[in-house]
1. Which residue is modelled with the lowest pLDDT, if the candidates are limited to region 243-271 and must be β-branched (Val, Ile, Thr) and surrounded by 20 or more Cβ atoms within 10 Å (Cβ to Cβ)?
2. Only one of these conditions is not met by VAL157: (1) within 19 Å of the chain's Cα centre (by Cα); (2) part of a helix (DSSP H, G or I); (3) more than 17 Å from VAL204 (Cα to Cα). Which number is it?
3. When you scan region 302-324, do you find a residue that is at pLDDT 70 or above, in contact with a Leu (Cβ under 8 Å, 6 or more places away or on another chain) and of a type outside the set (Lys, Arg), even just one?
4. If we scan region 272-281, do we find a residue that is under 21 Å from ARG116 (Cβ atoms) and at pLDDT below 95?
5. If you take the residues of region 212-245 that are without any contact (Cβ under 8 Å) to a residue 40 or more places away in the chain and in a loop (DSSP other than H, G, I, E, B), which of them is farthest from ASP275 (Cα to Cα)?
6. List the residue pairs whose Cβ atoms are under 8 Å apart, where the first residue sits in region 140-152 and is within 13 Å of LEU178 (Cα to Cα), the second is assigned to a strand (DSSP E or B) and β-branched (Val, Ile, Thr), and the two are 6 or more positions apart or on different chains.
7. Under the condition of being of a type in the set (S, T, N, Q) and not in a helix (DSSP H, G or I), which residue from region 188-211 is farthest from GLY238 (Cα to Cα)?
8. Quick test for you: out of GLU252, GLU298, GLU258, GLU284, pick the one residue that is without any contact (Cβ under 8 Å) to a residue 12 or more places away in the chain, of a type outside the set (Lys, Arg) and in a helix (DSSP H, G or I).
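The values are calculated or read from the model by the stated rules, or taken from the named source; none is laboratory data. All values derive from a computational prediction rather than experimental measurement. All Cβ positions, glycine included, derive from the backbone under ideal geometry; neighbour counts span all protein chains shown.
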Amino acid sequence: MGVFVRLAYHPSRVIGEANRAEGKAKAGATLLRKTDYGGWKGGAFNRDMNAQRLPNRIALVFTVFLFVMFHGLLHAAQRGTLREKGVIVLFDEPLKVAAEEAATLYPIIKKELENRLARPVNFRPTVVLVKESETFRRMAGTSLIVAFALPEKNLMVIDYSKTRTDPFSIETTMKHELCHLLLHNHIKEENLPKWLDEGICQWVSDGLSEIIMTQKRGVLDEAILSGRYISIRALTGGFPRDERYLVLAYEESKSLVEYMISAFGEEALLSVLNDLEEGTEVDEALLRNLSISLDELESRWHHHLRRKITWVTYLINHLYEILFFLAAVAMIYGFIRGLMKKRAYRDEEEEERE
């Protein structure tokens, strides 16, 4: 999707303002990874996403463009800045109370996250609260997400209007995005698979993802029953763009991390992160700490899911939707049958008149 923004001032001034707001700029790649996916083969995407990842230079240019676009969009509106010891909050002026709430919640979120992941938040993040969903959509390039993180700038951008709708909240959304910043601050992007990054951040934020589920959850259940999973290796460098497969990617990531914790324990997961932080590749880190390969882990996870989900449990879990569908079918059938009876009655009357 293309976005065109007319800027009121020079891009260098924009980037300078962003750097001053966050305190410092760090070099490196960003979390933004836009990639196309291949087709299905044997129940999994057959194209390795690592081969399609955008070069770092292009990703960095895209990030700069996003910042230029963001500041250009907000330039015409009144904007506030709240600077606290551990966090900076940029906000549209009507969101001053929300910004104060975010600043108050941040130390609590930070402490919980540090305890959960056994890693310090040794940077000062910037939280951007956007009032208008349309403005956020143009920044993010999609309406499917509530927030996104830019690790290179220690920045999280939040569509505040969506955090006021269930199941989202400003607290859980901030925790999810801060988790992304924390992981990328300690682990290089090439050593942190997307599925592990997203799975952990959903785990620490009580299962919440940053994606808006426009359909009922259960995409993973359907994949289990049909055997049409997305290969975990295909989720190393990025997630699909298609909405259904994007939801499935999020659900798979969360489910696999939860399985790792239930089967091997939180300490084993943290040990994997320790190895990744030291530069170890994910396959070797899993072998060291779980004594199994990624392929074997995926195989065991699939077996675990198949034992848990059967057609009977699927039907029970979706009983309400099934009953609603059957009621709708019965209503349509009754309506059509009524029309047919009326037509037949009119035909009989016409025959009698003749």
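1. The residue in question is VAL247.
2. For VAL157, the exception is condition (2).
3. yes
4. no
5. GLN215
6. Hits for this filter: ALA147/VAL157; ALA147/ILE158; PHE148/VAL157; ALA149/VAL157; LEU150/VAL157.
7. Checked region 188-211; the qualifying residue farthest from GLY238 (Cα to Cα) is SER205.
8. GLU284
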